[in-house]
1. Of the numbered conditions (1) assigned to a loop (DSSP other than H, G, I, E, B); (2) without any contact (Cβ under 8 Å) to a residue 60 or more places away in the chain; (3) farther than 28 Å from LEU283 by Cα, ALA469 fails exactly one; give the number of that condition.
2. Tell me, which strands (runs of 3 or more DSSP E) lie completely within the stretch 346-447 with 1 or more residues that are within 18 Å of THR185 (Cβ to Cβ) and in contact with a Ser or Thr (Cβ under 7 Å, 6 or more places away or on another chain)?
3. Looking at the structure I just gave you, is MET243 more than 14 Å from the ligand (Cβ to nearest atom), in contact with a strand residue (DSSP E or B) (Cβ under 9 Å, 6 or more places away or on another chain) and under 18 Å from ILE29 (Cα atoms)?
4. Got a sec? Which of ALA382, ALA398, ALA420 is under 22 Å from the mean Cα position of the chain (by Cα), outside the structural domain of ALA503 (by TED's automatic domain parsing) and touching a residue at least 12 places away in the same chain (Cβ under 8 Å)?
5. Does TYR42 satisfy the condition of being under 22 Å from the mean Cα position of the chain (by Cα), closer than 30 Å to GLY245 by Cβ and among the hydroxyl-bearing types (Ser, Thr, Tyr)?
6. Is it the case that LYS193 is within 16 Å of the ligand (Cβ to nearest atom), outside the structural domain of ALA521 (by TED's automatic domain parsing) and within 27 Å of the chain's Cα centre (by Cα)?
7. Is it the case, given these coordinates, that ILE517 is away from the ligand (no atom under 16 Å from the Cβ) and either within 25 Å of VAL278 (Cβ to Cβ) or part of a loop (DSSP other than H, G, I, E, B) (or both)?
Amino acid sequence: MRGLMQEWPLLCHKIMDHAALYHGDREVISRSIEGPMHRTNYRNIHERARQVAKRLEKDGITMGDRVATMAWNTWRHLEAWYGILGMGAVYHTLNPRLFPDQIAWIMNDATDKLLFVDLTFLPIIEAIADKVPSLAKVVVLTDAAHMPQTKLANAVAYEYWINEADADYAWREFDEGTAAGMCYTSGTTGDPKGVVYSHRSNVLHAMTGAQPDMLNLSSNDRMMPVVPLFHANGWSTAFVCPMVGASMIMPGAGMDGASIYQILTEERVTMTAAVPTVWLMLLEHLAKVGGSLPDLQRVVIGGAACPPAMIKTFQETYGVEVIHAWGMTEMSPLGTVCTLKPEYKNLTGQARLDLQAKQGHPPFTVEMKVTDDENNPLPWDAKSFGRLKVRGPAVSSAYYKGHGAEQFDAENWFDTGDVAHVDEHGYMQITDRAKDVIKSGGEWISTIELENLAVGHPEVAEAAVIGIAHPKWDERPLLVIVRRQGCDPSKESILDFIRDDIAKWWLPDDVAFVDDIPHTATGKIQKTTLRKQFSDYKFPGT
Ligand code: ADP
């Protein structure tokens, strides 16, 4: 017997319809690329997104065409996303921090036809446009007055372009399984691979993400996604915020500590989200200027492990609750969030901080398991760690063009490439990426755990641990340290600081000091480069 409820396709643009109708006055505030703050609301975004859709059709864009964006978080980027997906085309976010050749490779792989680009990134596109034959038009996200001279033959200013169409446009209707967006994994895990989101997966994921034990967003929030829309589907903020009617505060290109602090306070942001490196810059700035965060209630930290020292500073010094989250591009991207279930609600002090350092528990729609190499599930004992696998309606079923097929099994489980354990209440903790874990004498050492401990040392700014070949143990950990400005800690003081919190055989065999630790385009420590940097390194006495 069939249910007798309506077929109502889950289409992303219905989110913006709802936002315009019921939260039309809610503000979308951006630091514009041209400089001044810009204020609009969901009613206007809805209107202009339909202009974008209509104008794209005039340019010959049709259902299924890939339309790229290379842009910071601003209102124009949001309009472009909704305009693209509302006419059945596919937004394809490009990460400007990748090497130009890699960007060209990705654009060709996706066969992008049109590109929306910020003024900041125009030089990148000028340099590679010749290598992307499918690219027929470049829309520069600015007005005619700020449109620069460009050698691109087919470039036009967004404000001029959009005004060649009105908003008298009915969104296209189609099946909810239709592609809405694309994002390539940045290559931390090998060659870039295309992840293709559907309308259905984005809508379901936004509904999941808004829940109280996830991001807990409502129309009373003023949410600032510092995480760029070009990282992992913008952590779904472009869908969750309008869905619940939360205001969006868009930081534009201002990603340094001072700019983030200014916009957080001036725009009374209640919730924000970014990777740990961004928060490191903010906390350093706050300490320098003696700042405070009276309006900010919650900060979502993910993309890389959040060190407990950072959780402590946010919560105890600034009264801001940290929500540690784990996910990945292939998961739309939220996988787990560390909110406190009743079992842990009453934890205090260090025990609470230790719990918050875990990546958390999955919501409904994310299935998760940890297995050994033979795919046998491991017990939930908070110590047996193995391969982390997931499946669900907002998890990739394949990469674009079938690359990386070995990561998916016959039962749809996707191997995340992460190594983790789970505790008795279902809280998952990442101990490593599979290729970073150190294998010492047949046992595994978690590099993340060592890094988290080391950055708790008051004179350490950043820490990374890599495995170095060892004649007896195969591999042993080397701790690489960036000192805090003006500090000069000794190797012994750092090792003494972490010694009591780990098994004896986990203690790094040596400490190396560097000025900088390399980062990937998504803000993670770039262990491949670091390993190369230390390829000639030998432990003392080996
Ligand atoms: P890329 O590999 O392109 O940088 P993603 O942004 O999709 O792509 O990164 C996902 C990976 O980031 C995860 O598989 C995991 O290794 C890491 N990650 C994300 N959040 C966390 C977290 N809270 N703690 C530890 N690692 C994390």
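1. (1)
2. The qualifying strands (runs of 3 or more DSSP E) are 386-391, 414-422, 428-433.
3. So MET243 does not fit the description; no.
4. That would be ALA420, the only listed residue that is under 22 Å from the mean Cα position of the chain (by Cα), outside the structural domain of ALA503 (by TED's automatic domain parsing) and touching a residue at least 12 places away in the same chain (Cβ under 8 Å).
5. no
6. When the stated conditions are applied, LYS193 passes them.
7. no
Here is a yes/no grid of residues against (1) closer than 25 Å to ASN163 by Cβ; (2) assigned to a strand (DSSP E or B); (3) in contact (Cβ under 8 Å) with a residue 24 or more places away in the chain:
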residue	(1), (2), (3)
THR69	yes, yes, yes
GLU79	yes, no, yes
ILE84	yes, no, yes
GLY88	yes, no, yes
LEU98	no, no, yes
PHE116	yes, yes, yes
LEU122	yes, no, yes
ILE128	no, no, yes
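The values are calculated or read from the model by the stated rules, or taken from the named source; none is laboratory data. As the structure is a computational prediction, the values presented were derived from the model and not from experiment. Don't worry about glycine lacking a Cβ; one is built from the backbone with ideal geometry, like all the others, and counts go over all protein chains shown.
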